[in-house]
Structures are given as C-alpha cells and as structure tokens.
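Right, one structure below, let's go through it.
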Amino acid sequence: MKKRGNNVHFFARKAQMNEIYHILIQILIAVMTYIILQNYIDSVAKDTLFEKSYLSKDIGLLINALYAGSGDVEYTYVNDKAELNKFNFGFNEQKVSIVESGSAGKIVSEQPYGEDLNSRYSGQKIYSPSQIIFSRTKERLQISRNSNEK
Amino acid sequence: MKNKRAITTFEILMWVPRILFLVVVMFTVMILIRSYVATTIDTSELEANIFISRILYSPNSISYFDSDIGRTYQGVIDINKFKSQTADKFLERSVYYGDNNKEIGAKFLLRDLSSNENNEVTIYYNEDFFREQKKLADSGFTRGPGGARGYSKKYDVIISKDNILNRGVLAIDVVVPNS
C-alpha cells in the first residue's frame, strides 16, 4: 500500500530521501565555507600590523630628518592614512614603538632611529594622540601630543 | 550496484575527494588574498640618504662649523675634525643607535685634489658592522632577511685646513641591513 499525505517524500521507502539529504549537506558545507572565508577576510581587513609598521617607519625617519635639520625645528605630525588615536607611541632606547591602545599582548612594531646624544629626547609615552608635536632644539628633542586635545 | 547499502557506501566515499577539493580551493583563495596584502615596507635607501644628510649637516661631525654665527657649512669639510683621533666617536655620538648598533654602517673617504700626492683620509661609522655588511652587499645578497644593501655617493667638497681652502672629493659608502 502506498502511503499518502505530505510525508510521502520522507517516509516512503522508494522516495528520493538520499538526494534531499545530499542537497541539505551540500548547502550546509557551502554555508560553513562561506563563514570561514568571511571570517578570514574580516581578520585581514581588521589587521593593524601594516599600519603599525608604516607609522613606526614614518615617525622613525621623521625623527632622523629632524635631527638632520639645522637650527630649532618644530613639526606637527598628522597622518590621514592611519588613525593615530588607535595607537600608543613610545620613544625609548632609540626606538619608536607602536601598539594598539588599551590592549595587552598585542604585537609591538618598532623602528630604530639615530638619537643625537647632544640633543636627547626627554619625554614620555604618548597615548592615543590625534597629532604628535616634535620640537627640537640644540639641547634636546621634545615629543608631545597636541595640547588642545582633552 | 542495485544494492542500496552499496549505493550509500559509494556516495559516502565520493564525499572524500569532494571535501579534499574544497579544502584545496579554500587554501588557494586564502593564499591569493594574502599575496595581495603588502606586509613589508622598504625604506633602506631613504634611511641611507637621511643618515648622510645628518652627518653632513651636523655641527658635531665632519662639516666646518662657525661657532661665532652658529652655522654649519655643508660642503666644507673641516680636516682637523676629519683627521681627529676621535672622529669615529664623534660620528657615532651624533647618530647614536645604541651600544650594539646593527642598523647602519658607513665609510667616509676624503681625497684632497689640490695635492699631487695620494692624499686620502678614511674614517668609519660603526666600522666592524660596516665591513661585515659590506661583504654581503657586494656579494649580491641584497634580498630578503639577512641581506644588506649598499649605497654610494660622491660629493665635491671644499677642505678647510687652518683657514686654507682646497678642493676635494668626499666618497661615502653606506650599508643598511634588510632586517
């Protein structure tokens, strides 16, 4: 006797149940593949390692160039290609070090610069600035964030 | 093959190459994406040029410095500073990368053209490191980590000695390791 009703495709012995299951499994695999690839692309898009490397090299070379200048120099560093306020900046032991703000265990990007021992840096770490002000005189180099920031 | 159990087994076995192929395609897509993302920034030539500018512009290295007006004369080399026993130390003090400097090395060769004799003076910045990296740069190992690149520049300069000015040539060789 043939079974009647809406359940014929699922409970009939000769129904194409395998085909339906195969299609469901393929859909599931496709969705999982999409989720995996989407997560990977999101991680690549959110990755800040290149930004940190770029900023550290840019600022390191800037400090070298400031030391090369004759006379007193004051320079305000802004960057529209990278968001400075996402990072903390350190200037210790002849290295610029950059790490994301408010995080621990993140990768630090460092770039060395040649300090002039006749004109040493006498500042501190700078946290999430929108601008960085470099001021070089004969006696010292000063690095600070924009004083108008709150 | 009409046996349902056999058909099911066959279809399950066919999933194995399909999943393998899927994994290969996923890795290929990930590698393609990663290959278009830039991860390295090469600034070695710029570093070398800025280093040379710092040495030439600094009042505390080899250029002639007029203390009365506080001006450094780029292009005028003070031979007393150049020949000083502590010239290397002055250079390293004006561009200080730390006690164990593995960032840059340089050689400065000054030739006096006004004299018929072979009048050359050579000083170094980070001499041991320069000699070591120069071999790498000259051998062609300029790509990838562990290699080094060399940059050379020549300047026509005036050599100042006891208020006497002579023509000269300053040849600067700088080596910068890749990383």
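The values are calculated or read from the model by the stated rules, or taken from the named source; none is laboratory data. Keep in mind that this is a model prediction, so the values were computed, not measured. A quick note on method: Cβ atoms are made from the backbone with ideal geometry, for glycine too, and the neighbour counts reach across all protein chains shown.
Here is how the numbers come out for the structure above:
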| item | result |
| --- | --- |
| Options A:GLN124, A:GLN142: the member that is away from every other protein chain (no Cβ under 12 Å), part of a loop (DSSP other than H, G, I, E, B) and free of Cβ contacts under 8 Å to residues at least 24 places away in the same chain | A:GLN124 |
| Condition broken by B:GLY98, with the remaining ones in (1) on the phi > 0 side of the Ramachandran plot; (2) loosely packed, with under 12 Cβ neighbours inside 10 Å satisfied | (2) |
| Residues of segment B:35-46 that turn out to be surrounded by 11 or more Cβ atoms within 10 Å (Cβ to Cβ) and facing chain A (nearest Cβ under 7 Å), as a count | 4 |
| From the options B:ASP156, B:ASP162, B:ASP173, residue that is over 13 Å from B:ILE52 (Cβ atoms), in contact with a strand residue (DSSP E or B) (Cβ under 7 Å, 6 or more places away or on another chain) and either of a type in the set (Asp, Glu) or not assigned by TED's automatic domain parsing to the domain that holds B:ASP66 (or both) | B:ASP156 |
| Complete set of residues in segment B:58-73 that are buried (at least 16 other Cβ atoms within 10 Å of the Cβ) and within 9 Å of another protein chain (Cβ to nearest Cβ) | B:SER58, B:PRO59, B:ASN60, B:THR72 |
| Subset of segment B:87-106 (residues that are hydrophobic (A, V, I, L, M, F, W, C) and more than 14 Å from B:ALA48 (Cα to Cα)) | B:ALA87, B:PHE90, B:LEU91 |
